[in-house]
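S.K.: What follows is a structure written as structure tokens; I'll ask about it next.
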Amino acid sequence: MDREEVTEFLGQVPLLQCLPGSSIRRIAEAVQVKRYEPGDYVAREGEPVDGLYIILDGQAEVSASTNAEEANRPDYVLNKYDYFGYGTNSSDHQVNVVALSKLTCFILPNQYGYLLQPKTIWNAEETPEHSLLEQILHLEPLEVDIFRGFTLPEAPTFRQVFGGQLIGQALAAASKTVDCLKMVHSLHAIFLVAGDNNLPIIYQVHRARDGSSFATRKVEAKQKGLVIFTLIASFQKEEVGFEHQAAIMPDVPPPEQLLNLEEIRERRLTDPRFPTQYRNSAAKKKFTPWPIEMRFCEDSASQHKPSLNYWFRARGKLSDDQALHRCVVAYASDLLFSGVSLNPHREKGLKTYSLSLDHSIWFHKPVKADDWLLYVIESPSAHGGRGFVTGRMFNRQGELVMSLTQEALIRREKTRGPKPRSKL
């Protein structure tokens, strides 16, 4: 097997799938191959083992000695992708492992055990400064295919969990159950119930399919045992094929010539054309910068058009993991997306209520989320209390890297009448 084949195999071992892709590649360089004949002892009870054993081919039987306390425990068989020798409190193995057939194992020597304990699911190294987005998209693995995510106190929040957070974290969970050579190429999400910012979110991944080129995952996000969000994602191993691009990136100013949200806010607070009461009120409101930097290509005079163009990128430096970068742009894709369907209907004093219903993304090419991307959004229709939007993302070279759609509930906010007087 060549290095890529070893990496692909290791990426299908459940124990290793939660690791950063960089860790799996380093493990692929460090593992050794060992072969056994039927009846050979691979590990003996009470004797030290060389490291983590992963079965590449063949079968092995696990059994306790006849005088062990657990002598009545039934023997069981280890197959391809199963492993042993990891997680013991001492270097001595607790059971016998005997080859049932010709057996081939990968062995990760004990001195490389640190590769199994990365700092995050995205980065194996101790990095002094993680991007806030990388922290938001970090999940805690609880069991195989079960993860826990949080709404961080330093992250911007709405009345409910931000839809982009659910998309990004669910995609992160799905990505950590496929081998690192397969990347997401499409996802389809449905928002069911508003999430609570104060509660952790449990992500349960269901392995729908694993093929040589494609893998499919379904993810359910739960709070208090209730499913609040579902996502289906398809992953593909990179391959060479036909290529064309008909979409053309709009001619817009480069991001260096545009103001970001913080600069726009500061100008409004000091602009004498705005009423003093407005400026004082805006200054008192708590302002939490987004982990995404945005720069709008049009001025406020264009806010009634059913379209919007803006540049964005993640703040800070992200780890070099393509799966992470795709999760980041999935997170960012929900920012201001459905709101464009309200643009033609905005008027002074109008208060609206919106809620994402479903969201789809197609990833066409590799993406770098901490470099500038142009988000081109259009709303071709709004009807029946639902607004529909389409999006395209281009990199600075004009390459179309993603296409998106979303439908959202858009309503006038109900006016609340005066509180009824007590009859007492």
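The values are calculated or read from the model by the stated rules, or taken from the named source; none is laboratory data. From a predicted model like this one, the values you see are computed outputs, not experimental measurements. So basically every Cβ, Gly included, is an ideal-geometry build from the backbone, and we count neighbours across all protein chains shown. Side chains included, ligands, DNA and RNA excluded: accessible areas come from the protein's heavy atoms. Shrake-Rupley method; radii C 1.70, N 1.55, O 1.52, S 1.80 Å.
S.K.: Once you place label points 7 Å from the Cα toward the Cβ at residue 37 and residue 347, how far apart are they in nm?
M.R.: Inter-label distance under the simple model: 9.0 nm.
S.K.: Can you list residues from other chains, or at least 5 along the same chain, whose modelled amide H is less than 5 Å from the amide H of residue 78?
M.R.: Here 60, 61, 62 satisfy the definition.
S.K.: Just going by the charge dipole of the chain, with Lys and Arg at +1 and Asp and Glu at -1 on Cβ, which of 388, 191, 42 is farthest out on the positive end?
M.R.: 388
S.K.: Sticking with this structure for a sec: Which length gain, in nm to one decimal place, applies between residue 372 and residue 154 when the Cα-Cα distance is subtracted from 0.36 nm times their residue separation?
M.R.: 76.2 nm
S.K.: Here is a follow-up. Just list whichever of 34/119; 119/317; 80/224; 176/365 have alpha carbons separated by over 25 Å in the model shown.
M.R.: The answer is 34/119; 80/224.
S.K.: Let me ask something else about it. Starting from the Cα of residue 239, move 7 Å in the Cα-to-Cβ direction to define the label point; list residues of the stretch 178-209 whose amide nitrogen is under 19 Å from there.
M.R.: Zone members listed by number: 178-187, 209.
S.K.: Hey, got the dipole for the stretch 77-190? About the Cα centre, +1 on K and R Cβ, -1 on D and E Cβ, debye to the nearest 20?
M.R.: So the dipole magnitude of the stretch 77-190 works out to roughly 380 debye.
S.K.: Calculate what fraction, in whole %, of the accessible area of the chain sits on carbon and sulfur atoms when a 1.4 Å probe is rolled over the protein chains.
M.R.: Answer for the chain: carbon and sulfur cover 49 percent of the accessible area.
S.K.: Starting from 0.36 nm per residue, how many nanometres of slack lie between residue 354 and residue 210 once their C-alpha separation is accounted for?
M.R.: 48.2 nm
S.K.: With a cut-off of 8 Å between alpha carbons and a minimum separation of six or more residues, what is the relative contact order of the chain in percent? Don't skip to the end; give the middle numbers.
M.R.: Working: 873 pairs, mean separation 57.3, N = 424.
Worked out over the chain, it gives 14 percent.
S.K.: Ranked from highest to lowest mean number of other Cβ atoms within 10 Å per residue, what is the order of the peptides 51-60, 219-228?
M.R.: Answer by packing, highest mean first, reads 51-60, 219-228.
S.K.: Could you rank the peptides 335-343, 31-39, 136-144, 322-330 by their average count of other C-beta atoms within 10 Å per residue, with the highest value first? Spell out each step's value before the answer.
M.R.: Details: 335-343: 20.9, 31-39: 13.2, 136-144: 17.3, 322-330: 25.6.
So the peptides 335-343, 31-39, 136-144, 322-330, ranked by packing, come out 322-330, 335-343, 136-144, 31-39.
S.K.: Right, another one. Please report the relative contact order for the stretch 329-397, taking Cα pairs under 8 Å with a sequence separation of at least 6, and give it as a percent rounded to a whole number.
M.R.: It rounds to 36 percent for the stretch 329-397.
S.K.: Determine which residues of the stretch 29-44 fall in the zone a paramagnetic label at residue 104 would reach in this model, i.e. backbone nitrogen under 16 Å from the point 7 Å along Cα→Cβ.
M.R.: Once the point is set 7 Å along Cα→Cβ of residue 104, 31-38 turn out to lie under 16 Å by backbone N, inside the stretch 29-44.
S.K.: How high is the relative contact order of the stretch 123-227, given as a whole-number percent (alpha carbon pairs under 8 Å, six or more residues apart)?
M.R.: Answer for the stretch 123-227 is 28 percent.
S.K.: Quick one: helix 163-175 against the long Cα principal axis of the chain, what's the angle to the nearest 10°, folded into 0 to 90?
M.R.: 20
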